[in-house]
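The values are calculated or read from the model by the stated rules, or taken from the named source; none is laboratory data. Keep in mind the model is a prediction, meaning the values are calculated, not measured. Every residue, glycine among them, receives a Cβ derived from its backbone with ideal geometry; neighbour counts consider all protein chains shown.
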Amino acid sequence: MSSTTCTTPLSTALTRLAQAVAVACSLTLVGCQSTAQLPEEPAPTVPKLAKRAQPRPVFLDAKTEQPPHDVWDRMRQGFQLQEGVDVNPRVEQQRLWFVGNPSFLSTAADRGSLYMHYIVERLEERNMPLELALLPVIESAYNPMALSRAQAVGLWQFIPSTGRYYNLRQTNLYDGRRDVTASTTAALDYLSKLHDMFGGDWLLALAAYNAGEGTVGRAIERNQRLGLPTDYWNLSLPQETMDYVPKLLALSEVVSSPTAYGIDLEPIANQPYFQVVDVDQRLDLSRLAAMADIDEDELYQLNPAFKRRETLDRPQHLLVPTAKAQLVKANLADPRQLVALRPSSAVVERLASATPARTSTYKVKRGDNLGAIAKANRVSVGDLQRWNRLSGKHLKVGQVLVMNDKRATAAGSRKVAASKQRATQYKVRKGDSLYQVAKRFNVQTQHLKRWNPQAAKALKPGQMLTVYLDR
């Protein structure tokens, strides 16, 4: 191909067009430069427009954020323990149990409807996870009269020694472990202490609430020696404790989305169910219930710490349904009504633990062991383990042990056995069994059957049972 360039009319026209474009661009640039040198004009007055465009103050948002009407919704808003918990077969196994046993949760929720609002408020005041309001479902099915084989009692299942350590007084007339407000304060104090003890880990704190801090501490030390992780999921603990935390997490998942699991949770009003009324007189709860038109069993469920249904050896208050609080206060302020509310028969006001069992503590020193401590304090190793929820014999330097005076406890038992009895009536509630009623009143099931031969088979809601209680 020849390298000579041929000039054609078309190429000439294109050349001229390119020259014209170049000239136009240069003129445009000159114009831009001259514009940049002109003095700036004052900015348009936009600030007022900008102010008008701003959103209105925050009242609008405040109006839309209404508090939940249901305690369940309020509880869900404060759940904190689900974060970081992935799909876990241990949690899944427990969740399947709850889904397969809806009546258990329904019964526990029915009982808990009296107490849940109070417990949720106390947890919120301390900024604690609201899943902990479900812990009494795991511990006692929200039955304040629940009694375990280890002699743990109440909504939060305190054993005698731990109860006394947290100022829950126990006599033959009053048991602070059953007291709704006192036991809740003690439980939250204990859980907060465990949370701090285990570096802010709620799962470890919950495990220690179930098994004792010594058991969890030793499991952590064992994993540290083996170079293994020391979080809850990797610890080797008693089987009950291995299931304990998964139960709470599974239950909170079900409560978070009940319809997804086919569970029907009855709404619980997000308002106080009861009020505290000051009492400085000895009163018969049955008479008070009749005077204020309160269901007698409901009043006792609010004040289960009074073993004889009388305000003997008492805290200076009663819990009464909110709707009846003003009526109760008015009657307690009337001297004539007070006379009518007092028990008719004379009762010997004898303290149970016969002067409640004297309690002392011992701080573990280097070189101590359970055997030596037990011998020095004239108690058995088994008692030391039971009073302090110790599953083994390992102790930590600085650990505080609780010890009871067994002689005082025995004297108290003899006095209780020598006391007389009186009859009271109990109305059977949905889900009750003879065993549960017997435990509620701290009597033997065989005695309950003997007192109520017609109730030897199944119980029916509304049925009346006779129970004989010690004076």
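When you scan segment 354-471 for helices (runs of 4 or more DSSP H) that lie fully inside it, which ones turn up with 1 or more residues that are of a type in the set (A, V, I, L, M, F, W, C), surrounded by 12 or more Cβ atoms within 10 Å (Cβ to Cβ) and at pLDDT below 80?
Ranges flagged: 381-387, 406-418, 434-440, 445-451.
Would you mention how many residues in segment 115-159 are over 14 Å from Met75 (Cα atoms) and aromatic (Phe, Trp, Tyr)?
3
When you go through Arg287, Arg308 one by one, which is the residue that is of a type in the set (Lys, Arg), assigned to a loop (DSSP other than H, G, I, E, B) and in contact (Cβ under 8 Å) with a residue 12 or more places away in the chain?
Arg308
Quick one: is Arg222 of a type in the set (D, E, K, R), out of contact with any Cys (no Cβ under 8 Å at 6 or more places or on another chain), in a loop (DSSP other than H, G, I, E, B) and more than 24 Å from Val137 (Cα to Cα)?
Taking the combined requirement at face value, the residue does not satisfy it.
Name the residue, out of Val276, Val255, Val245, that is β-branched (Val, Ile, Thr), assigned by TED's automatic domain parsing to the domain that holds Leu327 and in contact (Cβ under 8 Å) with a residue 40 or more places away in the chain.
Sole residue among the options that is β-branched (Val, Ile, Thr), assigned by TED's automatic domain parsing to the domain that holds Leu327 and in contact (Cβ under 8 Å) with a residue 40 or more places away in the chain: Val276.
Examine segment 294-304 for a residue that is in a loop (DSSP other than H, G, I, E, B), over 25 Å from the mean Cα position of the chain (by Cα) and among the charged types (D, E, K, R), and state whether such a residue exists.
Yes; the residues of segment 294-304 include at least one that is in a loop (DSSP other than H, G, I, E, B), over 25 Å from the mean Cα position of the chain (by Cα) and among the charged types (D, E, K, R).
Answer yes if at least one residue in segment 81-98 is crowded, with 17+ Cβ neighbours inside 10 Å, modelled with pLDDT of 90 or more and part of a loop (DSSP other than H, G, I, E, B), and no otherwise.
yes
Here is a yes/no grid of residues against (1) modelled with pLDDT under 95; (2) under 29 Å from Asp86 (Cα atoms); (3) surrounded by fewer than 20 Cβ atoms within 10 Å (Cβ to Cβ):
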| site | (1), (2), (3) |
| --- | --- |
| Leu248 | no, yes, no |
| Val254 | no, yes, no |
| Asp264 | yes, yes, yes |
| Ser286 | yes, no, yes |
| Ala290 | yes, no, yes |
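Quick check, is Leu228 surrounded by fewer than 17 Cβ atoms within 10 Å (Cβ to Cβ), in contact (Cβ under 8 Å) with a residue 12 or more places away in the chain and part of a loop (DSSP other than H, G, I, E, B)?
No; evaluated as a whole, the condition is false for this residue.
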